[in-house]
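As structure tokens, the structure follows; a few thoughts come after it.
The values are calculated or read from the model by the stated rules, or taken from the named source; none is laboratory data. Source: prediction; values computed, not measured. Every residue, glycine among them, receives a Cβ derived from its backbone with ideal geometry; neighbour counts consider all protein chains shown.
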């Protein structure tokens, strides 16, 4: 057989292989690779043998120690800590002190100045001057024998067709959802006070002329939703607010401070005052508790469980101030005789039962009727000597989680109830016809009004507040 001739490429390849082998032999690399391979093989065998028989491995004689703090062991600290007088030590910087000392607890009874609580660039001067001037005129009228009934509420019938919403009577007073709205009880001005979800308190002087900020002032006295606003007609210089954070703030216009007369660990969902008692606050606290706070003594004068769940509203009969009505999320509204509450055994005068939570229950201006609003899509109206008669009006009260719940309020007599409408209107219920007789609508309304207040001394002036912080003021 003839020998196969190598090509030039194959011949070149063999020459390269031979040259590389000679180079490796001169460096003794093969021997070192062999030693390294044998050593690696021994390590693999030892490791494999150890893993095959883990039960034969000797247990460590060193115990595993779990670290525990001295506090969890019930022992005293091994350091005395900071000295009591460290705040006076000039060597400690203010930055370090601010880190060591947290801000004062909101539960402490510490007043806040209006300037510190202000969240807008507008000065307090115009607002303080306006309210104090109204208070002074009110005091003069009272000294001259003014009509006390008129100071509470003017009872008058109105023409619904005359109520209009002007473009200049719309303003965004606070950011986000408004839960409480209150007119300043003075016939000398139209001022609305609102509280929102974030603890802000907003003032809007609707009749402001060339005031900075269009007559709007905003403050932050609370850290949670403002549940109620109270302005007593005989104490106009104080605006009292309650909050879900368990605080009651009292804005003293003369001192320009938000005082903190009362605080509790429970949320305060409602608050009210009797017309004949400027010193007592009725608080709906926690899960169904009503407490009376006496501002003169600085103590609670009454505390009783009246409902099983939170109390949403507290109201009093203007014709018989011993009669109180409460609404609750426990599906009831109850009428109480205050003269019997302090007895060891007491029962409500009447229990009004609904199928769902009752968001509000209010006496009419004369006190002869009661209007309830419940989430079962009903507006109920009770009448009679003992409120034994009742009629119901179907109404969509399903506001959802993003809107404040509807609460039907009375107008300026016993004729009409005003309640929000999911189609951006205000439904008006007639107690005579027992139906919704009309809906206040306007192209200027861009949101759903949820909470309302009728100006007590200006018939036909109605404020509606939205979940976007807007306030609409209807006027006749």
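Computed values, structure above
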| quantity | calculated |
| --- | --- |
| Sole residue being more than 14 Å from residue 177 (Cα to Cα), assigned to a loop (DSSP other than H, G, I, E, B) and modelled with pLDDT of 90 or more, chosen from 207, 245 | 245 |
| Strands (runs of 3 or more DSSP E) wholly inside the range 373-476 that include at least 3 residues being within 24 Å of the chain's Cα centre (by Cα), at pLDDT below 95 and surrounded by fewer than 21 Cβ atoms within 10 Å (Cβ to Cβ) | none |
| Filter result for residue 210 (surrounded by fewer than 20 Cβ atoms within 10 Å (Cβ to Cβ), over 16 Å from the mean Cα position of the chain (by Cα) and within 22 Å of residue 187 (Cβ to Cβ)) | no |
| Criterion: part of a loop (DSSP other than H, G, I, E, B), buried (at least 19 other Cβ atoms within 10 Å of the Cβ) and either touching a residue at least 60 places away in the same chain (Cβ under 8 Å) or out of contact with any strand residue (DSSP E or B) (no Cβ under 9 Å at 6 or more places or on another chain) (or both) - qualifying residue of 186, 223, 235 | 186 |
